[in-house]
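Undergrad: Below is one structure. I have some questions about it.
The values are calculated or read from the model by the stated rules, or taken from the named source; none is laboratory data. From a predicted model like this one, the values you see are computed outputs, not experimental measurements. No Cβ is skipped: glycine too gets one built from the backbone with ideal geometry, and neighbour counts run over all protein chains shown.
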Amino acid sequence: YPDTQVKDEL
Amino acid sequence: MNIFRFLGDLSHLVSIWLLLHKMTTSKSCTGISFKTQALYALVFATRYLDLLYGSWHSMYNVAMKIFFIGSSLYILYLIKVPFKPTRDPAIDTFKLEYLVGGALIMSLIANYEYSFPEILWSFSIWLEAVAILPQLFIIQRTGEAENITTHYVAALGAYRGLYIPNWLYRYFAEGFFDPIAVIAGIIQTVIYLDFFYIYFTKVLKGQKFELP
């Protein structure tokens, strides 16, 4: 999964 | 950041403002589900305490996380301390065990990695999807709701609803796709559909929110 580790959504 | 996400977050802020406004002006928490509020506090704690291990994306992100954790604790305090006499626990009887247990099971099945932070994040996403149910249950049981309470629920529903066009936008514009957030977000929005139907056909036409 692309960038799902980067959780920038609230 | 895109316009849908920003409007969604704005709607989330408005919902909390409406709830605080309702409670402080009427000096009561009548019709408000403590259980739903407790679930939101748990949602924010399990999702946003990633601040503690350095998940700092932007000032916007950090400020919102701190605000949501802080305001949810303040709301719990208001319901439990100054406005305690106005709460009727006898109508707030939705079984939390099912919601927390279900979210826990889902977080173990659907996560991006078997690590504590990822499972915690997934738990918060699934729990948020169903956290409004005790509040909707109160409205259904009493068959009516104060207008301000319905505005609060509507703003909260609009928040996750607006995240759906945000995900569509991000998928096409950025190639970003977060299946767990999307599926849980769609479930969360679907839970509101009945409520929204009555909200649009009655409250926004100047009538009281009453179930037929």
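Undergrad: What are the residue pairs meeting all of these: first residue in the stretch B:45-73, first residue within 10 Å of chain A (Cβ to nearest Cβ), second residue part of a helix (DSSP H, G or I) and surrounded by fewer than 17 Cβ atoms within 10 Å (Cβ to Cβ), Cβ atoms under 6 Å, and 6 or more apart or on different chains?
TA: Filtered contacts from the stretch B:45-73: B:K65/B:L51.
Undergrad: Next question, about the same structure. Consider B:F177 carefully, then state whether it is hydrophobic (A, V, I, L, M, F, W, C) and free of Cβ contacts under 8 Å to residues at least 24 places away in the same chain.
TA: Working: hydrophobic (A, V, I, L, M, F, W, C): yes; free of Cβ contacts under 8 Å to residues at least 24 places away in the same chain: yes.
Yes.
Undergrad: Against the condition among the acidic types (D, E) and within 27 Å of B:T46 (Cβ to Cβ), how does B:D178 come out, does it pass?
TA: On the way: among the acidic types (D, E): yes; within 27 Å of B:T46 (Cβ to Cβ): yes.
Judged against the criteria, B:D178 is a match.
Undergrad: Another question, then. Just one of B:I119, B:I139, B:I105, B:I187 is farther than 24 Å from B:I3 by Cα, hydrophobic (A, V, I, L, M, F, W, C) and surrounded by fewer than 17 Cβ atoms within 10 Å (Cβ to Cβ); which is it? Can you show your working first?
TA: Values: B:I119 fails: surrounded by fewer than 17 Cβ atoms within 10 Å (Cβ to Cβ); B:I139 fails: surrounded by fewer than 17 Cβ atoms within 10 Å (Cβ to Cβ); B:I187 fails: farther than 24 Å from B:I3 by Cα.
Sole residue among the options that is farther than 24 Å from B:I3 by Cα, hydrophobic (A, V, I, L, M, F, W, C) and surrounded by fewer than 17 Cβ atoms within 10 Å (Cβ to Cβ): B:I105.
Undergrad: Further question: Take B:A103 and decide whether it is without any contact (Cβ under 8 Å) to a residue 24 or more places away in the chain and of a type in the set (G, A, S). Walk me through it before giving the result.
TA: Details: without any contact (Cβ under 8 Å) to a residue 24 or more places away in the chain: no; of a type in the set (G, A, S): yes.
Here the answer is no, as B:A103 does not meet what is asked.
Undergrad: Also: Any residue at all in the stretch B:68-82 that is more than 25 Å from B:A154 (Cβ to Cβ) and either in contact with a Ser or Thr (Cβ under 7 Å, 6 or more places away or on another chain) or not charged (D, E, K, R) (or both)?
TA: Yes, because at least one residue in the stretch B:68-82 is more than 25 Å from B:A154 (Cβ to Cβ) and either in contact with a Ser or Thr (Cβ under 7 Å, 6 or more places away or on another chain) or not charged (D, E, K, R) (or both).
Undergrad: Here's another thing I want to ask about it. Output the residues belonging to the stretch B:8-55 that are part of a helix (DSSP H, G or I), surrounded by fewer than 17 Cβ atoms within 10 Å (Cβ to Cβ) and modelled with pLDDT of 95 or more. Before you say what the answer is, go through the steps one by one.
TA: Keep residues of the stretch B:8-55 that are part of a helix (DSSP H, G or I), which gives B:8-26, B:34-53.
Filter once more, keeping what is surrounded by fewer than 17 Cβ atoms within 10 Å (Cβ to Cβ): B:10, B:13, B:17, B:20-21, B:24-26, B:45, B:49, B:51-53.
Correct list: B:L10, B:L13, B:W17, B:L20, B:H21, B:T24, B:T25, B:S26, B:A45.
Undergrad: Taking the condition of being under 12 Å from B:R5 (Cβ atoms) and facing chain A (nearest Cβ under 10 Å), how many residues in the stretch B:155-177 meet it?
TA: Within the stretch B:155-177, residues that are under 12 Å from B:R5 (Cβ atoms) and facing chain A (nearest Cβ under 10 Å) number 7.
Undergrad: So B:D178 fits all but one of (1) charged (D, E, K, R); (2) surrounded by fewer than 15 Cβ atoms within 10 Å (Cβ to Cβ); (3) closer than 30 Å to B:L108 by Cβ; what number is the exception?
TA: (2)
Undergrad: Here is a follow-up. Take the conditions of a type outside the set (D, E), within 18 Å of the chain's Cα centre (by Cα) and surrounded by 15 or more Cβ atoms within 10 Å (Cβ to Cβ) and apply them to B:K95. Does it pass? So that I can check it myself, show each step before the final result.
TA: On the way: of a type outside the set (D, E): yes; within 18 Å of the chain's Cα centre (by Cα): yes; surrounded by 15 or more Cβ atoms within 10 Å (Cβ to Cβ): no.
When the stated conditions are applied, B:K95 does not pass them.
Undergrad: Out of the residues in the stretch B:147-203 meeting the condition of being in a helix (DSSP H, G or I) and of a type in the set (D, E), tell me which one is modelled with the highest pLDDT. Give the steps one after another, and end with the answer.
TA: Of the stretch B:147-203, the ones in a helix (DSSP H, G or I) are B:147-174, B:179-191, B:193-201, B:203.
If we keep only those that are of a type in the set (D, E) too, we end up with B:174, B:194.
Details: B:E174: 92, B:D194: 96.
Among those residues, the one meeting the criterion is B:D194.
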